[in-house]
1. Let me spell out the model: positive unit charges on the Cβ of Lys and Arg, negative unit charges on the Cβ of Asp and Glu, origin at the Cα centre of chain B. What dipole size does that give, in debye rounded to 20?
2. What nm distances, shortest first, do you get from the label point of residue B:112 to those in the other copies when the point sits 7 angstrom along Cα to Cβ?
3. Taking H as built 1.01 Å from N, whose amide H comes closer than 5 Å to the amide H of residue A:83, not counting residues under 5 places away?
4. With just the Cα atoms of segment A:1-152, tell me how far they stretch along each of the three principal axes, in Å, largest first.
5. In whole percent, and with a 1.4 Å probe on the protein chains, what portion of the accessible area of chain B is carbon and sulfur?
6. I need the inter-copy label distances for residue B:210: point set 7 Å along Cα to C-beta, values in nm with one decimal, smallest first.
7. Applying the Karplus parametrisation 6.51 cos²θ - 1.76 cosθ + 1.60 with θ = phi - 60° to the phi angles of segment A:135-152, what ³J(HN,Hα) value in whole Hz is obtained for each residue in order, glycine and proline being reported as x?
8. Starting from the Kirkwood radius over alpha-carbon pairs of segment B:155-227, derive D by Stokes-Einstein at 20 °C in a medium of 1.002 mPa s and give it in µm² s⁻¹.
Protein chains: 2
Amino acid sequence: MSGTNKTTVLANPTLAEAASIIERAFAGRRTLIVAGNCTVQYVGRASSTLELGERLLIIKEDGALLVHRPAGYEPVNWQPSGCFFHVQLKQDRLEVHGVRQKPRESVKVTFDSVFMVSSLDLEDSGEFLLFASEEDMHKAILLKPSLLEEGFKPISYEKKVEPGFVDVYGVDKDGKLVVVEVKRKTAGKEAALQLARYIDAIKAKANRELRGVLAAPSLGKDVQRLLETLGLEFKALDPKKCAEVLKKAENAKLETFFTEELP
Amino acid sequence: MSGTNKTTVLANPTLAEAASIIERAFAGRRTLIVAGNCTVQYVGRASSTLELGERLLIIKEDGALLVHRPAGYEPVNWQPSGCFFHVQLKQDRLEVHGVRQKPRESVKVTFDSVFMVSSLDLEDSGEFLLFASEEDMHKAILLKPSLLEEGFKPISYEKKVEPGFVDVYGVDKDGKLVVVEVKRKTAGKEAALQLARYIDAIKAKANRELRGVLAAPSLGKDVQRLLETLGLEFKALDPKKCAEVLKKAENAKLETFFTEELP
């Protein structure tokens, strides 16, 4: 075995050696990685069986479990944090059991050989920051119009309307035209006046009722009052939320697993 | 370094040693695991930054990438299969770049220290089988009524109606009562006749229009004709699909990340 207290690694261990490292990883709430030939049984609200094959088992310090095959970004089996684990050494195999109480679920990973086992004490408090540009925010609204409001249907975006380009353009659930101006930071008076200019330009051509919506994470001082005076509306739109929509849509196009809508 | 051609493992490598193993893993399309202190930058339709912390980087033979923090079942960064990778050794850090062309996306993982690096040649052709019981299928319909049809609203399930229990009971989008009989295998004539008995029993009490739906993966010989004669309907319902709904709903309750609906 090689490594320090932070890192324990063993290549091609016997099942007994692997069991010993796994047991200590569970006791020490360490991150555990086991590569080996295994089957996986899951029983919970549904149930599943994964036939024999070579995979990675990852168990985290918080009790989350992942089984990864050698291809694809999705785990084939997984459990959220809060599982309790134990390891059992049988004559010619090693069983790792994970159990969750609420709801009652269990996963059993049975190895007949282990290629690598590693136990790590990882510290991670780094922040994850997700960003979106204004254009990202336009695209996110097109992908998920309910970000703006229920029933909104976009018609086009970055549409040329003198004196410039309208960010997003669509109709609301009552069939009214909606012109949306998007800002990725706190929107000031200039954004409100810019939107008013577009509205005026479109009103001069189209003889229809028209709504102007300023979509931004927040409004600057006195901008709400200005919007009211101009007959315009404000909609809080979080760039981080937009970034998530884009990132997910990206992956949804490629993989079907996570794209189905949940109730 | 320890291991065979199947398994290469090194604990606490220098950055140069790690770079060498990583490079050979990419060239050989092997599964790579790197544990270390790193930052992650993602640029694509959105962009993100992950500050310094200790994590696992997993890159699979098909070019899928995962970055896992020590807690939670979700990756903090991920890329679907099809990325191209290269590794770059700088003076005091190691950079792993992953790039995808369509759409243009890139991930950069920058390590200042590596605790463990492992490269594996994994073979996995085992089949993954997901099962649902009839009761699971009832629950799946309650969780996601659109499995049955758009606009369906369940009222109750396993409701006692002489001569037994109705599986799922609800109203359709037009307000009509719907009685659903669920079978997890090909439904035979007995299932159709059983549903007809429930319908008759309920009709005798409730003075309302009533639909009877037999939900099953498929229908046996001549059962479609029997259903028509009895004034009943068939809806194809896949037990595997039901199992996925349950499994996802389970995790959705605990974690918010994958639960948001996509457009």
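1. 480 debye
2. Distances between equivalent label points, in nm: 4.7.
3. For residue A:83, the qualifying residues are A:64.
4. If we take the Cα atoms of segment A:1-152, the spans are 63, 38, 29 Å.
5. On the way: 5790 of 11610 Å².
Carbon plus sulfur share of accessible area: 50 percent.
6. Result, one decimal in nm: 5.8.
7. Those phi angles translate into 5, 4, 5, 4, 5, 4, 5, 5, 6, 9, x, 5, 4, 7, 6, 4, x, 6 Hz.
8. Working: Rh = 12.5 Å.
Here the translational diffusion coefficient equals 172 µm²/s.
The values are calculated or read from the model by the stated rules, or taken from the named source; none is laboratory data. Just so it is clear, the structure is predicted and the values come from calculations on it, not from any experiment. Note: ideal-geometry Cβ built from the backbone for every residue, glycine included; neighbour counts use all protein chains shown. Protein only, heavy atoms only, side chains kept; ligands, DNA and RNA dropped before computing areas. Shrake-Rupley method; radii C 1.70, N 1.55, O 1.52, S 1.80 Å.
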